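Below is one structure, written out as structure tokens; the observations come after it.
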Amino acid sequence: MWLKLFLLLLYFLILFVLARFFETIVWYETGIFASQLVDPVTLSFHQLKTILEGRGLGYSGLPEKRDVRELVEKSGDLMEGELYSALKEEEASEAGSSTNFSGEMHFYELVEDTKDGIWLVQVVANDRSPLVSKVHWEKMVKKVTKFGIRTGTFNCSSDPRRVYCRKRGWIRSTLIMSVPQTNTSKGKVMLKEYSGRKIETEHIFKWITAHAASRIKTIYDSEHLKEEWDRSDQYEVKLYLFANLDQPPAFFSALSVKFTGRVEFIFVNVGNWDNSSYIEEIGISRTPSYVLKTPEGIYKYGNNTGEYVSLRAMDSFLRTLQPEVNDLFVLSLVLVNLMAWMDLFITQGATIKRFVVLISTLGTYNSLLIISWLPVLGFLQLPYLDSFYEYSLKLLRYSNTTTLASWVRADWMFYSSHPALFLGTYLGHGLLIDYFEKKRRSNNNIDEANANNLEWLSSLWDWYTSYLFHPIASFHHFPHNSDWDEDPELFLERLAFPDLWLHPLIPTDYIKNLPTWQFQCHGHHQEDLSESSQESESDSESEHCRCSHCQSFSGTGWPVVECHDQSCSCEEAQGGPCGSRVGFTTKDNLEPDWSTWPENMLHCTECVVCLENFENRSLLMGLPCGHVFHQNCIVMWLAGGRHCCPVCRWVSYKKKHFTQQSSMSSPAHS
């Protein structure tokens, strides 16, 4: 799990460096940055209207370019990044989805009972045509959807009882707007009916923005501003807009609905002010300005990278400063699933094996995440954790008002606008992980890496049938000193199986059918001694040397006795398990006789269970995978319930089909 977390953090670091690289390329080609200001005078009439539509300001009564440009300047500074995003959204924008209400209960559940957003509903009376034609309605849906306003159509004839429209007074076709009236979450909702005569998109949008702005607190004089600025209430975070506008932009009003109960939005209309001295006292030197007031101080929005005057940019900014529990849950859910998908590239072997492991990891990680969030939600309801909650928000506000945090938010908006680039870089990162992991494991376990889908499915079926036919095991054999204490990932992987800690009961009759033979050596000796004399002299020599001037060394893994006195010579032969010793003189080294080994057994000279070299005439046993061990060592290993090879983990009771590549592998254990 820690490896996956490290790889995910490495991927985010790569994304951060890649974004800086793209910025450098843009600067090299155009000589400008995304945070550079744009002079509205240099823009065309179409570009100015696109900016106003993105900010949510009506321009129906402004036929000249100069008036439109002044409205852009009054609503806030324009940056290159905002202009680029607005033009791209206009090119790629599609008609938003609209809900068709099936009846009274459907309308009540979504519009009146939800109370967390703005709705625009077209009501079609019985046997009447809609107020807004289909073409104009699609334009309206496309225009208001970008500000988070949901739309729908309620046909009175589709109501089963057909009394709801009469009860509401909807005798003729009309437009209904639902806006929360209070500044508390799940507050009262007021339904407003459109009473205008002009059925045009701009006039309807102006009516929508006027009603949405009515819930924002508006200040018209300096005395009222001074009173509001110094007042402390339930809101720790307040966002002020100082501008010379008739009403705040639509994106500002839409954000006030989305952050109800978390951030208070205040519009300061400085158009008719005679005395602006107090504005200068609190640090506002120019208008328009977006100022965030927190207990930690004042932050002027728009001075850092990615802080555009748009709904999407300001939404991401406020979410990092004042998040709700659902935002943190969604963030943790995305991170956990990205980390789980790393298993697809880390796992080596058959393709089906990769996806089986991936599905198991996704299920385990998401289950543990949901289970972990349940006590967290319970703790957040406790009253004595209020101070901890406040300190956590302070820490978030301090960290997310830095330049580094603004870069991260800008990168998030960039990659979320280009999902193909995000998925492509993630796939490339995963393929690199797969390449290096394959290189790392190729020398250690070549058989597992070359296993095909059929072989792996066969081993999986053997494992499943062992659990299916022997599902019950005694808890008395549960290991008290297990590896789970040292590695918690083993415990998490075990939780993914339905039997939890129940071990399968596999018969051990197959052990007696495993190949067994003696380890033989061959070579030329200077003297032909009996086996008993060689063993007795070897034992006496390994115990001690009778020379008083001898010293023992072990630099090469074999004990060496070096004598500095010429009167005696007690130097043990080096070279391997077949080294022959007669008395105190070194004899020729012997080589293992591989001709006596069964077919498909890998040549080796050491048992990885006891880490001792094979001696002449010692009894050996091989497993179906080809690895060889001392008979006593491997029998104790298998009888203990571990029915797999200690080296490659191949099941010890299943025959393995050897490929040409595996038969030619290294003659030593990996």
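Histogrammed with a bin width of 10 Å, the alpha carbon distances of the stretch 170-250 distribute as 13, 37, 32, 14, 4 percent, first bin at zero.
For the stretch 48-204, the fraction of 1.4 Å probe accessible surface lying on carbon and sulfur atoms is 47 percent. Rounded to the nearest 20, the Cβ-based charge dipole of the stretch 80-169 about its Cα centre (Lys and Arg +1, Asp and Glu -1) stands at 600 debye.
Partners of Lys217 within straight-line reach, counting lysines whose Cα lies under 21 Å from its Cα and excluding those fewer than 8 residues away in the same chain: Lys74, Lys115, Lys186, Lys188, Lys192, Lys206, Lys226, Lys238, Lys258, Lys293, Lys300. Other residues lying with their Cβ under 10 Å from the Cβ of Ile219 contribute a combined charge of -2, Lys and Arg counting +1, Asp and Glu -1. The alpha carbons of the stretch 303-429 stretch over 50, 38, 21 Å along the principal axes, in descending order.
Sorting 422-430, 133-141 by their mean Cβ neighbour count within 10 Å, with the most densely packed peptide first, gives 133-141, 422-430.
The values are calculated or read from the model by the stated rules, or taken from the named source; none is laboratory data. Remember, predicted model here, so these are calculated numbers, not experimental data. Counting neighbours? That spans all protein chains shown, and the Cβs are built from the backbone with ideal geometry, glycine included. Keep in mind that these areas ignore ligands, DNA and RNA; they rest on the heavy atoms of the full protein, side chains included. Shrake-Rupley method; radii C 1.70, N 1.55, O 1.52, S 1.80 Å.
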